[in-house]
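Peer 1: Take this structure first; my questions come after.
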Amino acid sequence: MASRADPAFPGESARTGHRNVLVVDDSAVARLIVQRIINETDDLRVVAHAVSADDALDKLRTISPDLVILDIEMPGVSGIDALPDIIRKSGNAPILIVSSHCREGAEASVRAMAMGASDIVLKPDRAEANNRFAALLTDTMRRLLEADTRRNNAVDGPREIARVTSNRAVSTRLPVECVAIGASTGGIHALSTFFSALPHSFSAPILITQHLPPDFMIYFARQLAAISGRRATLAEEGMALSEHDIIVAPGEAHLALQQHGGEVRVALDRTSLPNGLCPSVDVMLSSVAETYGAHALGIVLTGMGRDGAIGAERLRKAGGEILAQDSESAVIWGMPGAVARAGVAAFIAPPAELAAHVARHGSMAA
């Protein structure tokens, strides 16, 4: 078992210059691997290890981590069962799930992210993948911590952008025939909140592009179905759009649309993009703009980068409406922030308020 670092108390990160990480995993090997990876950094340190969910909750009485790395497949109380308490007792620190590739791990990880975990990193399934895992884990920890710092130290800049953008953008006020939603880091929780607040009376089909490992997409669709009470399916070539349906972009193709006579059908696009993203929110929103124009509504939720900014501008130029998640509720205000700064969003708000705005379109169409 890796040796434990001394416990840290509130404020110690600022004094030492390190960001404190609590590692929760029942595997001594896994804890040692994470310890070694973090030891290679200059700005992170393992403040404590926990061998179970109960052990983690006990340690959170005396430490204040900046980030929690959580294995959810543990004996006894699982990580997912303890997740709400871990989030609360850690002071809403970002929770990074480290998951296996297996079906049980994928399904539980999607549930954890719907409950508020920030992101996921897959455990390497081969020894030669260890270096890639180390780089990915380090990068993910740093961007979650950077986003958390920006959110906690937020000044009036993002709020001012939201206010000015919302005032100058004009809603289409037309009945919506299709909604397209794009998201990345933190998106599953944002989508869960959105669909929990969206009345089932809103009947337009909803397309979703969420950045996730391809093997996780089927479990993501099932999670959406359970939360929304709607049929949620992975997009397939030629699939027709139907009322009340949710169609999810698969992990290996962009979700696009084509007109077939008087019917709109899915057309999977496997074009490689310069940014390497697949599926891409830009491709989905651009295709929806071409197909539905002023009767389309696009939403960009939490996520790193700028995916969706180009498509959002095209949809707005086609007469459709763009909504964006606000900086306070977003895990990372990269994607929605890019849309806000471009001045194309008609409304910027938390997911539940976005859902209420969407529902008003449904009542107008009735």
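The values are calculated or read from the model by the stated rules, or taken from the named source; none is laboratory data. Since the model is a prediction, treat every value here as computed from it, not as a measurement. Cβ coordinates were reconstructed from backbone atoms using ideal geometry, including for glycine residues, and neighbour counts include every protein chain displayed. Quick note on the areas: whole protein, heavy atoms, side chains included, nothing else; ligands and nucleic acids left out. Shrake-Rupley method; radii C 1.70, N 1.55, O 1.52, S 1.80 Å.
Peer 1: Can you go through S203, S242 and tell me which one is in contact (Cβ under 8 Å) with a residue 60 or more places away in the chain, out of contact with any helix residue (DSSP H, G or I) (no Cβ under 6 Å at 6 or more places or on another chain), over 23 Å from N275 (Cα atoms) and open to solvent by 30 Å² or more (accessible area, probe 1.4 Å)?
Peer 2: S203
Peer 1: So if I check each of D26, D81, D55, which one is open to solvent by 10 Å² or more (accessible area, probe 1.4 Å) and modelled with pLDDT of 95 or more?
Peer 2: Sole residue among the options that is open to solvent by 10 Å² or more (accessible area, probe 1.4 Å) and modelled with pLDDT of 95 or more: D55.
Peer 1: Still on this structure, I have one more. Of all residues in region 228-247, how many are over 18 Å from G362 (Cβ atoms) and not aliphatic (A, V, I, L, M)?
Peer 2: Residues that pass the stated criteria total 4.
Peer 1: Return the pairs, sorted by first residue and then second, in which the second residue is open to solvent by 20 Å² or more (accessible area, probe 1.4 Å), the first residue lies in region 334-351 and is among the charged types (D, E, K, R), the beta carbons are less than 8 Å apart, and the residues are 6+ apart or on different chains.
Peer 2: R341/I161
Peer 1: Let me ask something else about it. Which ones in region 99-117 are open to solvent by 10 Å² or more (accessible area, probe 1.4 Å) and outside any helix (DSSP H, G or I)?
Peer 2: S100, H101, C102, M115, G116
Peer 1: Here is a further query. Is it the case, given these coordinates, that V164 is modelled with pLDDT under 95 and not in a helix (DSSP H, G or I)?
Peer 2: The answer is no for V164.
Peer 1: Restricting attention to strands (runs of 3 or more DSSP E) lying wholly within region 199-300, give those where 1 or more residues are at pLDDT below 95, over 27 Å from T140 (Cβ atoms) and not acidic (D, E).
Peer 2: Values: elements: 206-210, 232-234, 246-248, 254-260, 263-269, 296-300.
Where strands (runs of 3 or more DSSP E) fall fully within region 199-300 and carry at least 1 residues being at pLDDT below 95, over 27 Å from T140 (Cβ atoms) and not acidic (D, E), they are 254-260.
Peer 1: Does any residue of region 319-336 turn out to be modelled with pLDDT of 95 or more, surrounded by fewer than 20 Cβ atoms within 10 Å (Cβ to Cβ) and within 22 Å of T291 (Cβ to Cβ)?
Peer 2: yes
Peer 1: What are the residues in region 19-55 that are in a helix (DSSP H, G or I) and touching a helix residue (DSSP H, G or I) at 6+ places or on another chain (Cβ under 6 Å), if any?
Peer 2: Within region 19-55, I37, A53 qualify.
Peer 1: Exactly one of (1) open to solvent by 50 Å² or more (accessible area, probe 1.4 Å); (2) modelled with pLDDT under 85 is unmet by A129. Its number?
Peer 2: For A129, the exception is condition (1).
Peer 1: Based on what the data block shows, is R151 under 20 Å from the mean Cα position of the chain (by Cα), surrounded by 14 or more Cβ atoms within 10 Å (Cβ to Cβ) and at pLDDT 50 or above?
Peer 2: Considered against the rule, which asks whether it is under 20 Å from the mean Cα position of the chain (by Cα), surrounded by 14 or more Cβ atoms within 10 Å (Cβ to Cβ) and at pLDDT 50 or above, R151 comes out as yes.
Peer 1: Among the numbered conditions (1) open to solvent by 40 Å² or more (accessible area, probe 1.4 Å); (2) closer than 20 Å to V339 by Cα, tell me where G303 comes up short.
Peer 2: (1)
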